[in-house]
Amino acid sequence: MLAQRKPGFLNRLYLIEVIRGLAITMKNFLFHKKVTLQFPEQRRDYSGRYRGQHYIKSVNGVENCTACMLCPTVCPAECIHIVAGEREDKEKYPVKFEIDSLRCCFCGMCEEACPKDAIKLSNIYEMSQKNRTVYEKDFLLEQRGNK
Amino acid sequence: MPKCFIDGKEVEFNPGENLVKVAKRAGVEIPVFCYHPGLSVVAQCRMCYVEVEKMPKLQTACSTMAAEGMVVKTQSEAVKKGRQGTMEFLLLNHPLDCPICDKAGECDLQDNSFGHGSATMRHGEERRTYVDVDMGPVIQKNMNRCIHCTRCIRFGDEIAGIHEMVAIKRGNNIDITTIDGKQLKTEYAGNYSDICPTGSLTLKDFRFKKRAWMLKKTATVCEGCSKGCNMEVQHEGNVIYRCIPRENLEINKFWMCDEGRFNYRYTQDEARVVDPKLRGPEGPKTAAWQDVIATVESKIRNGEVLFLVGTDLTNEELSAIREASTALRSGIQIRTFGTPGVTRTTEDGPADNILKMKSKTSNLNGAEKLGLEPLTGDARAETVIVFRGGRAGIPKIEAKWTAGVGVFTREESSGFDSVLPGLAFTEKEGTITNHSGVEQRLARAVRPKGTCKPVSEILMSLLNIKSKAGQA
């Protein structure tokens, strides 16, 4: 619907409307709680369920992951690549565990599918990078969350 | 034909058929572990319980023969409870290591537990564990997962003809192992992994390579010998991970030998020539396809030319070569080669009393039916072109100039002046005729490696050059 133009000279000047608008701006500026943060100094507290940067949980230095491939199976973005292998202390472990972070859509399905409580999405949301980033296994094994 | 009723459905049966088979025909799947259609019936897993009217207790469907007018219920409360109880017993000692297990995704125990078991368990005691013996290069054993169906014992005894697996000790301490812990000797060991309903016996070759559900499956035929066993090529991302037998009661039943099972390896061998080569002063060098084709064309234009064709090629390729040889010029001789000592179907025969045949190439019968003559003695000509599918044993060649068309390793083609890489049996379509005259279809599972081309395309390019030269 088109805005109706009110008749009369004063109305055609729009002065009253401009002042009204300014009043709303000033009211919000002076008396309302700020919605923005001064980012690098101030940090927002996200809920524990926030899905940020990935990590693989390890217990006593041994990764929980057994390379069962359920996360790459369920991943809708197909961003997880695992190569399984065998070693002395663990029958099956991921030799290679890569997450293409630019393909990842942070849906958290991998976390949900994991039978071994291994892959987790942490609270970290500062993930900007200059170039395409693939998270390698060593990087993922840093315990950056407490899930 | 006599009739019986399964879940209210009237089904005809042949006398002597058991209820699992009859029910399958009626569209009712009865869960089984120890029963296998290719093996004898022992009825010891107790999973296939059905209720038969006028019989006081639940019956095992695998050992109960259908009878006239029999009324069988497979979905009654008593049956469901019986199966659930059986499942609970079978899982008492089964470790929950499906994430590690290679069988996961195609596991009978998983499927039946999901379909007929209970979601909770009442048992909290420690599970028994075993130390596993090495079973040789084919099979990896994990006794912890075993449910003692004894399919493997019966397979060795009845099919492979060597009783090498036994059940030692009894009761809770039962151990299914080889006699004296020796390695498996049979050449059909891969089947142990196929018939095992759990992950107790898995293929070492496939260990941790891929999960079963990720693989794409292509139904094709084995080209390991003239038997023509039906098999399934399982691949993902243009890489073949394993081959398993397909059921064909007329040819291979449910089985397949290890040679055929692992035959696919040569198709993705590092040493396979996948780009056209021409011999230069310093040995074979990669060249452009048109240069190689032009060189071959100029070599076969004059002189005595012999086409050596492998009996591992498909009927289509063989007949294309025959047609092209007359179209290219008159006087080109064609001789087949394959397994040394087995040049005709009359010399072919069973190599053992299970599946293997003497001819190690798949299409000896097809080549003979096309009227191609086998090579006798060495190949002697001015120019020899070898067409080969990948398995035929290359005979001794005495020629001024030799070229190979098909699948060769670098070593095999080291004496050749040129190689025109062709397609392996997993990369092409075609038909092969087995020893008894059954024509079967090869299916294309993966894309060709490198710049490999089909034989028909290579022959067409040769003919094109010739017709252009004729016009000029």
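Below, the figures for the structure above:
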| item | result |
| --- | --- |
| Residues within region A:1-53 that are in a loop (DSSP other than H, G, I, E, B) and within 40 Å of the chain's Cα centre (by Cα), tallied | 23 |
| Filter result for the condition that a residue is of a type outside the set (V, I, T) and more than 28 Å from B:L423 (Cα to Cα), over B:Y241, B:Y188, B:Y192 | B:Y192 |
| Yes/no for B:L96 being out of contact with any strand residue (DSSP E or B) (no Cβ under 6 Å at 6 or more places or on another chain), surrounded by 21 or more Cβ atoms within 10 Å (Cβ to Cβ) and modelled with pLDDT under 95 | no |
| All positions within region B:229-260 that are more than 14 Å from every other protein chain (Cβ to nearest Cβ), over 16 Å from B:D352 (Cβ atoms), of a type outside the set (F, W, Y) and outside any strand (DSSP E or B) | B:N238, B:R246, B:E247, B:L249, B:E250 |
| Checklist (1) of a type in the set (G, A, S); (2) within 14 Å of another protein chain (Cβ to nearest Cβ); (3) farther than 14 Å from B:N142 by Cα; (4) surrounded by 21 or more Cβ atoms within 10 Å (Cβ to Cβ) applied to B:G199, failing item | (3) |
| Checklist (1) within 12 Å of chain B (Cβ to nearest Cβ); (2) of a type outside the set (D, E, K, R); (3) under 17 Å from the mean Cα position of the chain (by Cα) applied to A:N64, failing item | (3) |
| Region B:59-68, subset surrounded by 21 or more Cβ atoms within 10 Å (Cβ to Cβ) and of a type outside the set (S, T, Y), residue farthest from B:E125 (Cα to Cα) | B:A66 |
| Some residue of region B:1-18 being within 29 Å of B:M121 (Cα to Cα), in contact (Cβ under 8 Å) with a residue 24 or more places away in the chain and surrounded by 14 or more Cβ atoms within 10 Å (Cβ to Cβ) | no |
| Evaluation of B:G450 against (1) without any contact (Cβ under 8 Å) to a residue 40 or more places away in the chain; (2) in contact with a Pro (Cβ under 9 Å, 6 or more places away or on another chain) (one fails), failing number | (1) |
| Within region A:92-118, considering residues that are facing chain B (nearest Cβ under 10 Å) and surrounded by fewer than 16 Cβ atoms within 10 Å (Cβ to Cβ), the one farthest from A:C79 (Cα to Cα) | A:P115 |
| Unique residue being in the same structural domain as B:F307 (by TED's automatic domain parsing), small (G, A, S) and over 28 Å from the mean Cα position of the chain (by Cα) when the list is B:G366, B:G377, B:G393 | B:G377 |
| Residue among B:V71, B:V42, B:V28, B:V79 that is surrounded by 13 or more Cβ atoms within 10 Å (Cβ to Cβ), touching an Asp or Glu at 6+ places or on another chain (Cβ under 8 Å) and touching a residue at least 60 places away in the same chain (Cβ under 8 Å) | B:V71 |
| Region B:296-325 - residue that is out of contact with any strand residue (DSSP E or B) (no Cβ under 7 Å at 6 or more places or on another chain) and over 24 Å from B:K428 (Cα atoms) and, of those, surrounded by the fewest Cβ atoms within 10 Å (Cβ to Cβ) | B:N302 |
| Single match in B:L463, B:L459, B:L355, B:L423 (criterion: buried (at least 19 other Cβ atoms within 10 Å of the Cβ), over 30 Å from B:W255 (Cβ atoms) and out of contact with any strand residue (DSSP E or B) (no Cβ under 7 Å at 6 or more places or on another chain)) | B:L459 |
| Test for B:I432: is it touching a residue at least 24 places away in the same chain (Cβ under 8 Å), of a type in the set (V, I, T), in a loop (DSSP other than H, G, I, E, B) and closer than 23 Å to B:S325 by Cβ | no |
| Qualifying residue in region B:67-84 (condition: closer than 21 Å to B:H148 by Cα, away from every other protein chain (no Cβ under 14 Å) and in contact with a helix residue (DSSP H, G or I) (Cβ under 8 Å, 6 or more places away or on another chain)) | yes |
| Test result for B:R207, at negative phi, basic (K, R) and out of contact with any Asp or Glu (no Cβ under 8 Å at 6 or more places or on another chain) | no |
| Selection within region B:155-199 - of a type in the set (A, V, I, L, M, F, W, C) and either in a loop (DSSP other than H, G, I, E, B) or more than 25 Å from B:C98 (Cβ to Cβ) (or both) | B:I159, B:A160, B:I162, B:V166, B:I168, B:I174, B:I179, B:L184, B:A189, B:C196 |
| Hits in region B:217-228 (condition: in contact (Cβ under 8 Å) with a residue 24 or more places away in the chain and not in a loop (DSSP other than H, G, I, E, B)) | B:T218, B:A219, B:T220, B:V221 |
| Inter-residue pairs, beta-carbon under 9 Å, first more than 11 Å from chain A (Cβ to nearest Cβ) and over 10 Å from B:T198 (Cα atoms) and in region B:92-103, second in a loop (DSSP other than H, G, I, E, B) and of a type in the set (D, E), 6+ apart | B:L92/B:E125 |
| Which numbered condition A:I82 misses (of (1) free of Cβ contacts under 8 Å to residues at least 12 places away in the same chain; (2) within 14 Å of chain B (Cβ to nearest Cβ); (3) not acidic (D, E)) | (1) |
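Condition check ((1) among the charged types (D, E, K, R); (2) touching a Lys or Arg at 6+ places or on another chain (Cβ under 9 Å)) across all residues:
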position	(1), (2)
B:D111	yes, no
B:S118	no, no
B:H123	no, no
B:R127	yes, no
B:Q140	no, yes
B:R154	yes, no
B:D175	yes, yes
B:Y192	no, yes
B:T198	no, yes
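The values are calculated or read from the model by the stated rules, or taken from the named source; none is laboratory data. Model, not experiment: these values are computed from the prediction. Ideal geometry is used to build each Cβ from the backbone, glycine not excepted, and the neighbour counts take in all protein chains shown.
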